[in-house]
1. Being under 21 Å from L260 (Cβ atoms) and more than 12 Å from the chain's Cα centre (by Cα), is that true of even one residue in the range 53-65?
2. Tell me yes or no: at least one residue of the range 134-144 is surrounded by 20 or more Cβ atoms within 10 Å (Cβ to Cβ), touching a Pro at 6+ places or on another chain (Cβ under 8 Å) and at positive phi.
3. Is there a residue being within 12 Å of the chain's Cα centre (by Cα), modelled with pLDDT of 90 or more, among the aliphatic types (A, V, I, L, M) and not in a loop (DSSP other than H, G, I, E, B) anywhere in the range 40-51?
4. Looking only at the range 66-118, which residues are of a type in the set (V, I, T), over 10 Å from the mean Cα position of the chain (by Cα) and in a helix (DSSP H, G or I)?
5. Pairs needed: first member in the range 224-247, over 19 Å from R259 (Cα atoms); second member anywhere, surrounded by fewer than 17 Cβ atoms within 10 Å (Cβ to Cβ) and of a type outside the set (A, V, I, L, M); C-beta distance under 6 Å; at least 6 residues apart or different chains.
6. Is at least one residue of the range 6-17 outside the structural domain of V135 (by TED's automatic domain parsing), hydroxyl-bearing (S, T, Y) and not in a strand (DSSP E or B)?
7. Taking the residues in the range 135-170 that are under 17 Å from the mean Cα position of the chain (by Cα) and farther than 28 Å from E183 by Cβ as candidates, determine which candidate is modelled with the lowest pLDDT.
Amino acid sequence: KNSVVVGDRVILDGDITGESGTLARIVTVKERKNSLSRTIDDIGVMERAIVANVDSMLIVVAAADPAPKTGLIDRALVVAFDQGIKPILVITKCDLTQPIELRKLYSPLDIEIFESSRGCDLAPLRKSLHGQTSVLIGHSGVGKSTLLNAILGEDVRTTGSVNEVTGRGRHTTSNAVAFPLAEHQGSKEIDGWLIDTPGVRSFGLRHIDPNRVVSSFEEFAEVISSCPKNCSHNEESCALNHLQEREPASATRIASLRRLLTLDRENGYD
């Protein structure tokens, strides 16, 4: 039996006023439109859902301290494309260094990319989140809790620091929690939800359908339809090779797609 996770839509029976001493129980968990899972064993076979019914995914990575690692970003993107979730890359600590290489690597994916640092204007990012149920994903120490507090305009999560010996962040978030996103700062009107998750080392990819990842690259749909049957899109006869010869400008996007498709599904990324 599947456990109820943050983001699930449920039907309750009982007193739902929330007053002291009242009781209600979950009688039905509605069908999920999507979910995010994480691996819970050493070999990546067992997975557990951590959130459900998400519209947007904030993939949070630091420009430095700790140094950015692309493994989790790529896995998160694969999950987002597979599950029909809008990915948003948020690069924190940009006051330490400019994320030139990260932008160069991920800009061809045509996803929203935001840079943040202490005291920066987050209005454009907040605008992208309104009306959405959004989840924050990122390693410990990248400033995820600091970013969440800044977006919400209040300290709802404690913040930690990076261990100088290991270069890893200390876990300050131990469970997934949904926070209401106000229509504008100071307003009591709810216009979205932000779900904070524990720092994760690896996403579960065993349930991923590569065809759904491919379909998120809409400009390649017509070309890929002429690929050989069961084409891996990384072989000599792939129609994408012919496209790249005709249109060299497509090379970067093709390389990005192939990078996502060739992720090792059996191994997590630190």
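The values are calculated or read from the model by the stated rules, or taken from the named source; none is laboratory data. Small disclaimer: the values here were computed from a predicted structure and weren't measured. Glycine gets a Cβ as well: all are built from the backbone with ideal geometry, and neighbour counts include every protein chain shown.
1. No, that holds for no residue.
2. Yes, the conditions are met somewhere in the range 134-144.
3. yes
4. Across the range 66-118, the qualifying residues are T70, I100.
5. Once the first residue is over 19 Å from R259 (Cα atoms) and sits in the range 224-247, its partners that are surrounded by fewer than 17 Cβ atoms within 10 Å (Cβ to Cβ) and of a type outside the set (A, V, I, L, M) give P228/S237.
6. yes
7. S140
Here's the yes/no breakdown for (1) surrounded by 12 or more Cβ atoms within 10 Å (Cβ to Cβ); (2) of a type in the set (S, T, N, Q); (3) modelled with pLDDT of 95 or more:
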position: L105; (1), (2), (3): yes, no, no
position: P108; (1), (2), (3): yes, no, no
position: E112; (1), (2), (3): yes, no, yes
position: C120; (1), (2), (3): yes, no, no
position: K127; (1), (2), (3): no, no, no
position: H130; (1), (2), (3): yes, no, no
